[in-house]
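Written out below as structure tokens is the structure these notes cover.
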Amino acid sequence: MDAAEFRKRGKEMVDYIADYLEKIDKRQVFPDVEPGYLRPLIPDCAPQDPESFEDVFKDIEKIIMPGVTHWHSPYFFAYFPAASSFPALLADMLCGGIGCVGFSWAASPACTELETVMLDWLGKMINLPEEFLAGKHSQGGGVIQGSASEATLISLLAARTKAIRQVQSEKPELTEADIMGRLVAYASDQAHSSVERAALIGGVKIKNVCSDDTFSVCGSALKKVLDEDKASGLIPFFFCATLGTTPCCSFDKLLELGPICNKENIWMHIDAAYAGSAFICPEFRHLLNGVEFADSFNFNPHKWLLVNFDCSAMWVKKRSDLTGAFKLEPLYLQHHHQESGLVTDYRHWQIPLGRRFRSLKLWFVLRMYGVTGLQEHIRKHVRLSHQFEHLVLQDERFETCAEVVLGLVCFRLKGSNELNKALLKSINEAKKIHLVPCHLREKFVLRFAICSRTVESTHIKFAWQHISQLATDLLKTWEQKHRQQ
């Protein structure tokens, strides 16, 4: 394919993507395929001779689309949003076209410098304390990671290195292995599984801290487990607070937890993967109060801020905590500006060496939507979640299971877990909308997340009518079944 054909085929692909997104509501949100569907549709081996673009293009609808779950459908209410917008798609095209691998400033100065500035823009939008921004005299700064899971892992590994060095400075007789065996990380019992996975990769113990009746961790619960572990000779070193938990979008109490972590010299990382985008709205910014106590903070613009995956924003108070843990300087990666104090080499801030020019997506989206446009997007989703909550509460057969703060409603039929499992099964087998469940304490709960950029009130009404009718049908058969028993 030469440049001339690329121009032609590129326009065709843009038209295809635009048509796909404009008409996505006509596609069944969840596919009908069974595991292994794709292998019989394609040859066993790659072709020896080149095939035409037409041959490849026609197989998109034939082979790929039948197995796609349409995350950007207005009938997709599962997990959390996966952001998408035309400006971000165009930026991704440019990113791929430039094709730089920005592991250092010298590898592509614009790739590094735009990222630094965009993370400052974003940090200012959510009113982060200045010490997290990359100002001229700041020790902190921001970086784009691939996911919140990576941000948590990076924070935990940096905290581990810092803790080991601190303990060895006080007790030089202890080996690194001695200290590692006593280190303990902590997170809410509602925290995402990626926190536990980070501890698994980091080779340290992790303990859950019990959440309260609102599914939030408070200071007294953390202090209790810390006191117990210190009395047992363990070394608490890391706490991951969650703002907007995956099961029900609950918020840990930062203003109670932060001072405890600071006093005990425990690294506090804040995972606000979904909820963080909402902090650009002044009415939701109070949910971030207490961030000033944190060592690191992360949220995903690729969830709710119209920036396509992957773009996970992470800030640290002291960038030396990251570079001190991960910095290696082989000759082939060195450049003559690296000791100037004026440049950032992001390879020291992340797990992989290479990185894409992801800040282009932020730059395009922030400029073309503006803060007010993004705020309206967030507020619209929150309004729609409260619309759905209102519909649920009007039906005495149903109950909500957690406070609706942002764009997630947790609800269920009043009754057994088996009844609600049956309801979810019927919803997802009908394939008109798509939901996923969670457990809140002993209850099996259905999650209704407002996800699509194009979702409107009509889609919410349709979803509720569909759920309500399936519930009616299910309760009839359920009652008949139990009468027969």
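The values are calculated or read from the model by the stated rules, or taken from the named source; none is laboratory data. Everything quoted here is computed from the prediction, not taken from an experiment. Because the Cβ atoms are built from the backbone with ideal geometry, glycine has one as well, and the counts that use them run over all protein chains shown. Accessible surface areas use protein heavy atoms only, side chains included; no ligands, DNA or RNA. Shrake-Rupley method; radii C 1.70, N 1.55, O 1.52, S 1.80 Å.
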Practice task
Could you tell me the accessible area of V68 in Å² (1.4 Å probe, neighbours in place), rounded to the nearest ten?
Solution key: 40 Å²
Fill in the blank from the handout: Expressed as a percent, the accessible surface of the stretch 107-207 that is carbon or sulfur, using a 1.4 Å probe and the full set of protein chains, is 51 percent
Exercise for the section: Can you spot the aspartates and glutamates whose alpha carbon is less than 13 Å from K11's alpha carbon? Ignore those fewer than 8 places along the same chain. Expected result: D19
Problem - Relative contact order %, the chain, counting alpha carbon pairs below 8 Å whose residues are six or more apart - result: 22 percent
Exercise for the section: Please report the relative contact order for the stretch 172-268, taking Cα pairs under 8 Å with a sequence separation of at least 6, and give it as a percent rounded to a whole number. Expected result: 31 percent
Practice task
Could you work out how far the C-alpha centroid of the stretch 32-50 sits from that of the stretch 242-269, in angstrom?
Solution key: 47 Å
Exercise for the section: Indicate the gyration tensor shape class of the chain (rounded, prolate or oblate), computed on the Cα atoms with a ≥ b ≥ c the square roots of the eigenvalues: a/c under 1.5 is rounded; otherwise a/b larger than b/c is prolate and the rest oblate. Expected result: oblate
Problem - For the stretch 349-457, with +1 on Lys and Arg beta carbons and -1 on Asp and Glu, the positive-most of A422, I378, Q394 along the dipole - result: I378
Exercise for the section: Decide, for the stretch 124-251, between rounded, prolate and oblate: order the square roots of the alpha carbon gyration tensor eigenvalues as a ≥ b ≥ c, take rounded if a/c falls under 1.5, and otherwise choose prolate if a/b is larger than b/c, else oblate. Expected result: oblate
Fill in the blank from the handout: Quick calc, K431 & L255: beta-carbon distance into FRET formula, R0 45 Å, rounding 0.05, result 0.55
Handout entry: Rounded percent of accessible protein surface that carbon and sulfur make up, the stretch 392-464, 1.4 Å probe
Key = 50 percent
Problem - Expected 222 nm ellipticity per residue - DSSP helices of 4 or more, -39500 (n - 2.57), all of the chain, to 500 - result: -14000 deg cm²/dmol
Handout entry: the stretch 245-295, relative contact order [Cα under 8 Å, separation at least 6], %
Key = 47 percent
Fill in the blank from the handout: Treating only Lys and Arg (+1) and Asp and Glu (-1) as charged, each at its beta carbon, one finds that the stretch 145-294 has a dipole about its Cα centre, in Debye to the nearest 20, of 260 debye
Problem - Those aspartates and glutamates that a straight Cα-Cα span of less than 13 Å connects to K361, excepting residues fewer than 8 apart in one chain - result: D92, E115, D310
Completion exercise
Checked the stretch 189-257 against the a/c 1.5 cut and the a/b vs b/c comparison, axes a ≥ b ≥ c from its Cα gyration tensor; verdict oblate
Problem - Rounded accessible area per residue of the stretch 384-485, 1.4 Å, Å² - result: 48 Å²
Fill in the blank from the handout: Sorted by chain and then number, the residues having a modelled amide H within less than 5 Å of the amide H of R355, at least 5 places away or on another chain, are G102, F103
Handout entry: the chain - charge dipole about Cα centre, Lys and Arg +1 at Cβ, Asp and Glu -1, debye rounded to 20
Key = 660 debye
